[in-house]
Amino acid sequence: MAQEISWGVVATVREPADLVLAFATHHLGLGAAEVTLFFDDPEDPGAALLEQIPDCTVHRCGEEYWQGTRRRERPALQSQRQMLNATWRYNKTSVDWLLHIDADEFLHLPVPLAEELEALRPGDGWLKIRNFERVWRTGAQGGAIFDGVFRKPVKDADDDLARIYGSKARFLWNGFAGHPIGKALSATDRDFRIYTHSPRAGRGAENHLPPYRTARHAALLHFDGLTPLHWAAKTLRYAEQGDAAIDVLLHPQRQAQVRHVRDACPDLRAILDFHGDLFHLSEQEDLALSLIGALSTARIDPEAEIARFLPGYRPRFDARHFDEMLGQENAARLMTRVSAVPR
């Protein structure tokens, strides 16, 4: 019989409220004992909404949080803020295992999580959970933000990668436009620091990656850009940061995507067409991935979980509404690439 375990989820978020609500209730519905959310924007209206959810803890990361609670300056890089927040929660939580992921990643558990953990060796300190990447099939309209199917990794070293994707393979790492690395579910009885994709142990010269196993069945369903406009806004944000930051923050294939958007896409239409090349499968790509078992039709049901935890609330997951909720900063960013209408 699988042993009783407790686990939680931690994330630093800056997304439309209904997405964060779906994220929190999905994981609580799977059995998480806690979901801890650090709102990167302390004025985010989603914080008050999420405070209504049982077992969901909200931190508003403004000056009071960083200089008061944390006694430090707010780090400039989002990735640094994520790691510091996750490690801080790791050191305070009472759950046995803590999963650090983003709000566009949803855990998928075909078998109970306890069964995955039972396969760990005595010295293993974390479970690596691979991710699948959401794509759309030929003819799919993508009317809702959780529509689509999920592709699985195709190793760069395999001939299959170029055979499936052709020239666009240079923009894909193991067949993904985003990351194919996965994320970590870390045991909380260790002295770990929690990074983006894995924990670290030891200090100075002893700093190392702790031993781990990869989950056999569990996966993360990664919605890398909930809508094409969402992806465009994220990519333009990276493009604004300059080549030095792009090189530090992103893997080479994502760097190539960002530079292509910056240098070869003169307007928003061109960016959205590029997004389509990366995320909308051709019939040949769909067939090839199906033949090698690299497509998943896993689904999530956020409406049902939200109704369970927040009865009476009606979320909106249509793509148009989500785009309207991206905020003024993203709207201004996207408008820089909107071509003038000819008179």
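Which fully enclosed helices (runs of 4 or more DSSP H) of region 222-294 have 1 or more residues being touching a His at 6+ places or on another chain (Cβ under 6 Å) and of a type outside the set (Phe, Trp, Tyr)?
Details: elements: 228-239, 242-249, 252-264, 268-279, 283-291.
The qualifying helices (runs of 4 or more DSSP H) are 228-239.
Scanning region 55-101 for residues that are buried (at least 17 other Cβ atoms within 10 Å of the Cβ), in a helix (DSSP H, G or I) and in contact (Cβ under 8 Å) with a residue 24 or more places away in the chain gives Arg81, Gln82, Met83, Asn85, Ala86, Thr87, Arg89, Tyr90. Against the conditions (1) hydroxyl-bearing (Ser, Thr, Tyr); (2) surrounded by 13 or more Cβ atoms within 10 Å (Cβ to Cβ); (3) under 21 Å from Arg137 (Cβ atoms), Thr297 satisfies every one except (2).
Filter region 289-322 down to residues that are within 14 Å of Pro153 (Cα to Cα) and either at pLDDT below 95 or out of contact with any helix residue (DSSP H, G or I) (no Cβ under 7 Å at 6 or more places or on another chain) (or both), then give me how many there are. Talk me through it step by step, then tell me what you get.
The first filter runs over region 289-322 and keeps only residues within 14 Å of Pro153 (Cα to Cα), leaving 289-296.
If we keep only those that are either at pLDDT below 95 or out of contact with any helix residue (DSSP H, G or I) (no Cβ under 7 Å at 6 or more places or on another chain) (or both) as well, we get 290-294, 296.
Number satisfying all stated conditions: 6.
Considered as a group, the residues in region 300-312 that are surrounded by 13 or more Cβ atoms within 10 Å (Cβ to Cβ) and in contact (Cβ under 8 Å) with a residue 24 or more places away in the chain include one that is nearest to Gly148 (Cα to Cα), and that residue is Ile300. Pairs are defined by a Cβ separation below 8 Å, a sequence spacing of at least 6 or placement on different chains, a first member in region 129-146 that is modelled with pLDDT under 95, and a second member that is polar (S, T, N, Q); the pairs so defined are Thr138/Ser282; Gly142/Thr227. Considering region 127-178, and only residues there that are of a type in the set (Asp, Glu) and under 23 Å from Val258 (Cα atoms), the residue that is nearest to the chain's Cα centre (by Cα) turns out to be Glu133.
Residues in region 200-221 that are farther than 25 Å from Glu15 by Cα, touching a strand residue (DSSP E or B) at 6+ places or on another chain (Cβ under 7 Å) and outside any loop (DSSP other than H, G, I, E, B): Arg200, Ala201, His208, Tyr212, Arg213, Thr214. Taken over region 104-143, residues that are touching a helix residue (DSSP H, G or I) at 6+ places or on another chain (Cβ under 7 Å) and not aliphatic (A, V, I, L, M) amount to 6. Of all the numbered requirements in (1) surrounded by fewer than 17 Cβ atoms within 10 Å (Cβ to Cβ); (2) in contact (Cβ under 8 Å) with a residue 24 or more places away in the chain; (3) out of contact with any helix residue (DSSP H, G or I) (no Cβ under 8 Å at 6 or more places or on another chain); (4) over 30 Å from Asp301 (Cα atoms), Arg213 misses one, and that requirement is (4).
Can you name every residue in region 181-191 that is within 20 Å of Gly8 (Cβ to Cβ), hydrophobic (A, V, I, L, M, F, W, C) and either in contact with a Lys or Arg (Cβ under 7 Å, 6 or more places away or on another chain) or part of a loop (DSSP other than H, G, I, E, B) (or both)?
Keep residues of region 181-191 that are within 20 Å of Gly8 (Cβ to Cβ), which gives 182-191.
Within this subset, residues satisfying the condition of being hydrophobic (A, V, I, L, M, F, W, C) are 184-185, 187.
Result: Ala184, single match.
Just so you know, in region 154-180 the residues that are out of contact with any Leu (no Cβ under 8 Å at 6 or more places or on another chain), in contact (Cβ under 8 Å) with a residue 40 or more places away in the chain and not in a loop (DSSP other than H, G, I, E, B) include one that is nearest to Leu295 (Cα to Cα), and it is Phe176.
The values are calculated or read from the model by the stated rules, or taken from the named source; none is laboratory data. This structure is a prediction, so every number in the text was calculated from the model and none was measured. Glycine gets a Cβ as well: all are built from the backbone with ideal geometry, and neighbour counts include every protein chain shown.
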